[in-house]
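J.: First the structure, then my questions, so here it is.
The values are calculated or read from the model by the stated rules, or taken from the named source; none is laboratory data. For clarity, every value in this text was computed on a predicted model and none was experimentally measured. As a convention, Cβ positions derive from the backbone with ideal geometry for all residues, glycine included, and neighbour counts pool all protein chains shown. Ligands, DNA and RNA are stripped out before the accessible areas are found, and what is left, the full protein with its side chains, is counted by its heavy atoms. Shrake-Rupley method; radii C 1.70, N 1.55, O 1.52, S 1.80 Å.
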Amino acid sequence: MEPMRSEVGVHMMDQVSKRTFTRFALFTAALLVAQAGLYAQGRGGRGGGAPPAGPQSAKTAAPIDLTGYWVSVITEDWRYRMVLPSKGDFQGVPMTPAARTIANAWDPDKEQASGDVCKAYGAPAVLRQPTRLHITWQDDNTLKMETDAGKQTRLFHFGDWKSPGGPPTLQGDSVAAWEGGGGRGGRGGRGGAPAAAPAGPPPPADASLKVTTTNLKGGFLRKNGIPYSDKTTLTEYFDLMNEPTGEPIVVVTIVTSDPMYLSRNFVISSQFKKEPGDTNAKWKPTECSAKW
């Protein structure tokens with residue numbers, strides 16, 4: 001089993017590297033297109049043809065389909081994700097001295113007794129839990145993600161959505177946008193609502209979902225007390241890929257920025273494998289816990 005796991009891991013790393021290069025290429029292309037548009041306007045270009053179509057909803061324009069049930073694939077950081085991390089085990093996290101002071105004072109019994117046991121289930125950390133995801137469209141411009149670990153719900157808002165304000169929350173306020181892919185129909189497709197992700201043909205090579213989250217309540221990046229503050233900004237990229245077997249897998253690149261408790265961006269990734277069907281008997285939501 002281990003060689004197979006390594007082969008899949010190398011395959012995923014190669015795919016993520018290609019996506020990173022593609023994002024840079026798309027950014028460069030977008031600048032060139034913008035410059036060309038300004039040039040045409042400057043010449044008074046009248047052009048012909050049909051008027052531009054009205055804006056599509058995020059659901060209709062989706063270049064990839066993230067809906068359905070997904071389960072964590074944990075091939076690294078086992079000691080942080082599958083069991084309660086040891087006190088003082090901060091490897092890999094670029095902590096400030098203030099963060100270390102807080103983390104060194106962590107006491108799991110006190111955390112469990114405090115009643116505030118969901119600190120490690122906020123948006124910057126919840127996708128590191130061993131969890132299942134259920135992703136659906138709440139409406140045409142809002143993607144909903146539910147986790148069975150901790151019974152959390154995140155809402156990804158597309159378009160010109162504005163935060164209603166209010167106090168910070170565990171899941172914060174998330175603004176989403178599709179990157180690349182050209183939308184359904186933009187690559188020769190027929191448009192319309194997205195179909196279920198097939199096992200076999202790869203998704204568009206340059207398509208991903210970008211989610212930016214702010215207005216976050218402070219919490220833990222790991223259950224052993226590594227803090228993040230309410231000044232945190234979270235940026236995530238959801239890339240849909242296929243394993244060598246043809247099965248869909250989502251790789252989420254998670255970038256946490258916190259001027260108070262991180263000396264630089266904390267960048268990690270989590271993988272989720274697609275589970276078949278519109279219902280899932282394995283979906284068993286559980287409460288937050290500070291001790292496992």
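J.: May I ask you to rank 128, 264 by accessible area, largest first, using a 1.4 Å probe over the protein chains only? Each step should come with its number before you reach the end.
T.: Working: 128 25, 264 155 Å².
The ordering from most to least exposed comes out as 264, 128.
J.: With a probe of 1.4 Å, find how much accessible area region 88-132 has per residue, and write the answer as a whole number in Å².
T.: Value for region 88-132: 42 Å² per residue.
J.: Assuming 0.36 nm per residue, please report the length gained on full extension of the stretch residue 140 to residue 292 beyond their Cα-Cα distance.
T.: 51.0 nm
J.: I've got another one for you. Simple spin-label model, 7 Å along Cα-to-Cβ: residue 282 to residue 245 in nm?
T.: About 1.0 nm, to one decimal.
J.: Sticking with this one: Ignoring ligands, DNA and RNA, please state the percent of accessible area on region 71-147 from carbon and sulfur, probe 1.4 Å. Write out the running numbers ahead of the final one.
T.: Details: 1750 of 3500 Å².
On region 71-147, the fraction of accessible area on carbon and sulfur atoms equals 50 percent.
J.: Using a 1.4 angstrom probe on heavy atoms only, work out the carbon and sulfur share of the accessible area of region 231-292 in %.
T.: In region 231-292, the share of accessible area belonging to carbon and sulfur is 52 percent.
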